[in-house]
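Inspection log for the structure reproduced underneath, given as structure tokens.
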Amino acid sequence: MVTDHYMLQKLCRKYEVKVIIDLHAAPGSQNGWEHSATRDGSLEWGKTQDNIRNTVAVINFLTARYAKNPSLYAVELINEPLAPGVSLNTLTQYYKAGYEAIRDHSRTVHVILSNRLGPMDPTELFQAASAMNETVIDVHYYSLFSDIFTNMTVQQNINFVSNNRSRDLGLVTTSNGPLSFVGEWVAEWSVTNATKVDYQRFVVAQLKVFGRASFGWAYWTLKNVNVHWSLEWMIKNGYINLLNL
């Protein structure tokens with residue numbers, strides 16, 4: 001892992017890598033999960049104006065630090081805010097302030113707005129995004145973390161991607177609105193004793209649908225000890241083929 005940010009910038013320029021900065025853990029935690037730095041499972045982000053101002057200050061610092069680097073492609077203002085703990089009003093207030101902080105340093109960097117997780121309208125951010133330039137709506141699609149997937153067969157999982165995910169992505173992929181980004185997906189599921197061919201079919205179905213996102217997609221993640229969560233392992237072992245897209 002490269003820890004020197006100057007060396008990291010040099011490597012990005014050398015290999016023409018574009019970078020998305022994503023605020024994964026906001027002060028107070030935006031979803032109450034361990035990857036958002038909660039202390040005890042509570043969700044405290046956005047409950048005070050100081051909290052929002054502190055988060056905007058982080059975005060301002062990061063953008064100022066990297067705005068002049070040609071590798072910087074986008075900044076995501078927050079990862080996976082959870083509804084109803086984070087209200088739409090609070091989130092849009094923060095997104096507007098964060099957007100302005102980014103634009104103080106760059107007029108061209110894309111600004112990514114993460115949809116809230118939970119039961120909500122997937123287009124709820126369109127009104128706020130329409131008042132901004134170069135914006136992207138980020139959605140995360142996992143065939144996990146919900147009881148509806150628990151007893152699904154291989155074919156049912158594939159059908160869910162081909163039908164339900166295709167419909168959902170279509171709602172946020174428009175010709176005149178913000179761009180759409182499947183910012184997290186993985187070829188893991190609740191199916192037991194799945195074969196390599198089963199995984200390959202599942203991958204193909206997801207790539208076919210998620211490839212329609214106008215800003216692209218990102219697999220979660222590049223390297224992981226759990227092999228199906230590791231894009232590197234999946235490619236090296238023939239589960240994912242990106243050459244025939």
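Just so it is clear, none of the values below were taken in a lab; they were calculated from the coordinates. Remember, it's a predicted structure, so these values are computed and weren't measured experimentally. Backbone-built Cβ (ideal geometry, glycine too); neighbour counts: all protein chains shown.
Computed per residue of the chain from DSSP H runs no shorter than four, each worth -39500 (n - 2.57), the mean residue ellipticity at 222 nm is -10500 deg cm²/dmol. A straight line joining the Cα centroids of region 31-80 and region 118-152 runs 18 Å. At the listed q of 0.15 Å⁻¹, the Debye profile of region 1-102, built from one uniform point per Cα, gives log10 I(q)/I(0) equal to -0.66.
Dimensions of the chain from C-alpha coordinates, computed as largest minus smallest value along each principal axis and given longest first, are 50, 43, 41 Å. The magnitude of the dipole of the chain, with charges of +1 and -1 set on the Cβ of Lys/Arg and Asp/Glu and taken from the Cα centre, is near 720 debye. Here the simple spin-label model places points 7 Å from the Cα toward Cβ, and for LEU144 and ASN241 these points are separated by 2.6 nm. Here the dipole of region 163-233 is about 200 debye; that uses its Cα centre as origin and unit charges on the Cβ of Lys and Arg (positive) and Asp and Glu (negative). Kirkwood radius for region 146-245, taken over all pairs of different Cα atoms as the inverse mean of 1/r, rounds to 14.2 Å.
For ASP22, the residues whose modelled amide H falls within less than 5 Å of its own, excluding neighbours fewer than 5 places apart on the same chain, are GLU76. Converting phi to 3J(HN,Hα) with the Karplus coefficients 6.51, -1.76 and 1.60 and the offset θ = phi - 60°, region 170-176 yields x, 5, 9, 10, 10, 7, 10 Hz in sequence order, with x at every glycine or proline. Going from the fewest other Cβ atoms within 10 Å to the most, the residues ILE240, ILE59, ILE148, ILE78 appear in the order ILE148, ILE240, ILE59, ILE78. Build a GNM of the chain with springs between Cα atoms under 10 Å: which of ARG39, ARG53, ARG116 gets the top mean-square fluctuation? Comparing ARG39, ARG53, ARG116 in the GNM, the peak value goes to ARG39. Each residue of region 110-122 was assigned a 3J(HN,Hα) from its phi angle through the Karplus curve 6.51 cos²θ - 1.76 cosθ + 1.60 (θ = phi - 60°); the sequence is 5, 10, 9, 10, 7, 4, 6, 7, x, x, 7, 6, x Hz, with glycine and proline shown as x. Placing pseudo-labels 7 Å out from each Cα toward the beta carbon at GLU16 and LYS196 gives an inter-label distance of 3.3 nm. Restriction of the chymotrypsin sites (Phe, Trp or Tyr not before Pro) in region 81-167 to DSSP coil positions whose beta-carbon has at most 16 other beta-carbons within 10 angstrom yields TYR142, PHE145. Positive-end ranking of HIS105, VAL86, ILE21 along the dipole of region 1-133, with charges on Cβ about the Cα centre, is headed by HIS105. The distance between label points at GLU100 and GLU124 comes to 2.3 nm (points 7 Å beyond Cα on the Cα→Cβ vector). Look at the alpha carbon pairs under 8 Å that are at least 6 residues apart: their mean separation over the length of region 1-133 gives a relative contact order of 25 percent. In loop segments of region 1-98 as defined by DSSP, the GluC sites (Glu not before Pro) with at most 14 further C-beta atoms inside 10 Å of their C-beta are GLU16.
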